[in-house]
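Enquirer: Starting off with a structure, shown below.
The values are calculated or read from the model by the stated rules, or taken from the named source; none is laboratory data. If you're wondering where the values come from, they're calculated on a predicted model, not measured in any experiment. FYI the Cβ positions are ideal-geometry reconstructions off the backbone, even for glycines, and counts take in every protein chain you see. Each accessible area value is taken on the protein alone, full model and side chains, heavy atoms only, with ligands, DNA and RNA left out. Shrake-Rupley method; radii C 1.70, N 1.55, O 1.52, S 1.80 Å.
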Amino acid sequence: MLKQIFPNYFYALITPTNTEEILNKIKNAKIDKEKKLFWTASHKQEFLTTKELGPLLIPSVSKFFREDVGYKKNVSVMLQSIWRNTYKKGDYQNIHDHLYGYDDADLSGCIFLEDDNLDASRFYFYNRHQSEISGFWRSIVNSVGLNNHFHTWWISHKAGDILFFPSHMLHGVSQHNLKQPRQTVSFNMKVKI
């Protein structure tokens, strides 16, 4: 189900029909050693090959556009990059978007490999327009308990869920506080209509 969380900002969290196939392929995915990172991160990142994983995401992308967004025309998507993130204790990802760099993506996403855990690193969206609210409204929002979603919107998920969102949305990952590592897989797509 599509949830609009900030003006012109939305996401969809879906459970793919081919969840097991996606998770199995990710576990055994080949590392793309030719692709190099152009951003810095506190955690380990490995590019995976797009050819073997791209086709597995097509049913979920189609569902996102048709059912969640409500766009019934055919779209063509190209998986530009896909990478595995490994967060060890203390690791995090700064707030960023996916507009710049070599992908110039339209659609981004994250495949969650584990259930949500409040002590683990957690994906969140950041409201880039939060500074535009007046002091009056800031005090009202704080007094009625709405400030939980004023700056950030936390994603609650299950293992195998895929999060889709427009690449312009600011997002980050909180600090990982568990001894055992946590992994996710992120991706960027270019879309043609």
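Enquirer: Just list whichever of 44/89; 51/158; 25/72; 3/25 have alpha carbons separated by over 22 Å in the model shown.
Expert: Violating the 22 Å Cα-Cα cut-off are 51/158; 25/72; 3/25.
Enquirer: Now, a different point. Suppose R0 equals 30 Å; then what is the FRET efficiency for residue 78 and residue 130 from their Cβ-Cβ distance, rounded to the nearest 0.05? Walk me through the intermediate numbers first.
Expert: Details: r = 33 Å, r/R0 = 1.10.
The computed FRET efficiency comes out at 0.35.
Enquirer: Pull out the extension gain between residue 115 and residue 66, defined as 0.36 nm times the separation in residues minus the alpha carbon to alpha carbon distance; nm, one decimal. Walk me through the numbers on the way to the answer.
Expert: Numbers: separation 49, 0.36 × 49 = 17.64 nm, distance 2.61 nm.
Residue separation times 0.36 nm, minus the Cα-Cα distance, leaves 15.0 nm.
Enquirer: Pop the C-beta distance of residue 99 and residue 30 into the FRET formula with R0 = 30 Å and round what comes out to the nearest 0.05. Intermediate results must be reported in sequence, preceding the final value.
Expert: Working: r = 28 Å, r/R0 = 0.92.
It comes out at approximately 0.60.
Enquirer: Given a 1.4 Å probe, how much area per residue of the chain is accessible, in Å²? Write out the running numbers ahead of the final one.
Expert: Details: 10610 Å² over 193 residues.
Computed with neighbouring chains in place, this is 55 Å² per residue.
Enquirer: Cut-off 18 Å, label point 7 angstrom out along Cα-to-Cβ of residue 2: give me the residues of segment 25-61 whose amide nitrogen falls inside.
Expert: 60-61
Enquirer: With each pseudo-label sitting 7 Å past Cα toward Cβ, what's the residue 51-residue 143 distance in nm, one decimal?
Expert: Between residue 51 and residue 143, the simple spin-label model gives 6.3 nm.
Enquirer: Please give the contour-minus-distance gain from residue 89 to residue 159: 0.36 nm per residue of separation, less the Cα-Cα distance, rounded to one decimal in nm.
Expert: Net length gain for the segment: 23.2 nm.
Enquirer: Express in nm, to one decimal, how much length is gained between residue 179 and residue 41 on full extension, taking 0.36 nm for each residue of separation and deducting their alpha carbon distance. Kindly include the intermediate steps, with their values, before the conclusion.
Expert: Numbers: separation 138, 0.36 × 138 = 49.68 nm, distance 1.89 nm.
Answer, rounded to one decimal: 47.8 nm.
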